[in-house]
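The values are calculated or read from the model by the stated rules, or taken from the named source; none is laboratory data. All values derive from a computational prediction rather than experimental measurement. Methodologically, a virtual Cβ is constructed for each residue, glycine included, from the backbone with ideal geometry; neighbour enumeration extends over all protein chains shown. The area values use the complete protein model at the heavy-atom level, side chains included, leaving out ligands, DNA and RNA. Shrake-Rupley method; radii C 1.70, N 1.55, O 1.52, S 1.80 Å.
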Amino acid sequence: APGFARAFGMASARQNTMVSVADCQHQLINAPVYRALRDALPKCKSQGSIIVLLAPTWKLPTELMHYVPLLEFALPTRAELSTALDLTLAVLQKEVSSEEREALLDAASGLPQQEAEDAFSLAATDPTTETLRPEVVEREKTKLVSQTPGLSVERPLPIESIGGLGQLRAHVTTE
C-alpha cells in the first residue's frame, strides 16, 4: 500500500506527469490505497497530471466511482480473431480447412484477444491430430466465462424445442 501512495503522490507533485499503475484492482479496495488516490486526484488535476490505472476487471469502491472514469475496450472482431488464428497457425506450422477455421472462430467469439490466442494454441496440443480442435477453444471460453460471477454458457437450443411464442419463433427463424 505505501508504494501506491508514493506513486499517486508522485503524479500529484509534478506538472504534466502521467503515472501508470497496472493490476492494482485488488489494492484499491483497501482504505489507505483508495484514500491516497482520492486525495491525489485534485492535486493531479491542478498540475495537469494524470494517473492511469490498468486492470482486466474493476470493482471500484463507492468513494472513487465519481472520480475515476472507466474505459472499456471492445472484444476483438471476427477479423481480428482471424488474424490471431493465422498467427497461431503460422507459429505452429499447421493448416485448417475453411470449415475448421469457421468452427474455431465461432468457438473463440466473445473471448478477449489474448485468451483467444491462448485457446487456439491449446487447441493444437492434441498429438493425435494435425488440426486445431474447436471444442478445446469452446472449453476454454466456458472456463473463462464460468469464472465471472453471474455468467454462464448455455448451448443453443434448436428453435423447434422452444414452446409457444409463435411470433418470436417466426422472427428468429427469418432474421
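Applying the criterion of at least 1 residues that are within 23 Å of the chain's Cα centre (by Cα) and free of Cβ contacts under 8 Å to residues at least 60 places away in the same chain to the helices (runs of 4 or more DSSP H) found wholly in segment 1-106 leaves 78-92.
Scanning segment 47-68 for any residue that is touching a Cys at 6+ places or on another chain (Cβ under 8 Å), under 30 Å from P134 (Cα atoms), at pLDDT below 85 and hydrophobic (A, V, I, L, M, F, W, C) turns up at least one such residue.
Look at segment 140-160: where a residue is under 13 Å from G110 (Cα atoms) and a partner is at pLDDT below 75 and part of a loop (DSSP other than H, G, I, E, B), sitting 6+ places away or on another chain with Cβ atoms under 8 Å, you get K141/V153; T142/V153; V145/L151; V145/V153.
Yes or no, residue by residue, for (1) open to solvent by 80 Å² or more (accessible area, probe 1.4 Å); (2) of a type outside the set (D, E); (3) modelled with pLDDT under 90:
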{"position": "L85", "(1), (2), (3)": "no, yes, no"}
{"position": "L105", "(1), (2), (3)": "no, yes, no"}
{"position": "A108", "(1), (2), (3)": "no, yes, no"}
{"position": "P112", "(1), (2), (3)": "no, yes, yes"}
{"position": "E115", "(1), (2), (3)": "no, no, no"}
{"position": "V153", "(1), (2), (3)": "no, yes, yes"}
{"position": "L157", "(1), (2), (3)": "yes, yes, yes"}
{"position": "Q167", "(1), (2), (3)": "yes, yes, yes"}
{"position": "A170", "(1), (2), (3)": "no, yes, yes"}
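Residue-level check: of (1) open to solvent by 60 Å² or more (accessible area, probe 1.4 Å); (2) out of contact with any helix residue (DSSP H, G or I) (no Cβ under 8 Å at 6 or more places or on another chain); (3) among the hydroxyl-bearing types (S, T, Y), T142 misses just (1).
Annotation: P76 fulfils all but one of (1) within 30 Å of A107 (Cβ to Cβ); (2) open to solvent by 30 Å² or more (accessible area, probe 1.4 Å); the unmet one is (2).
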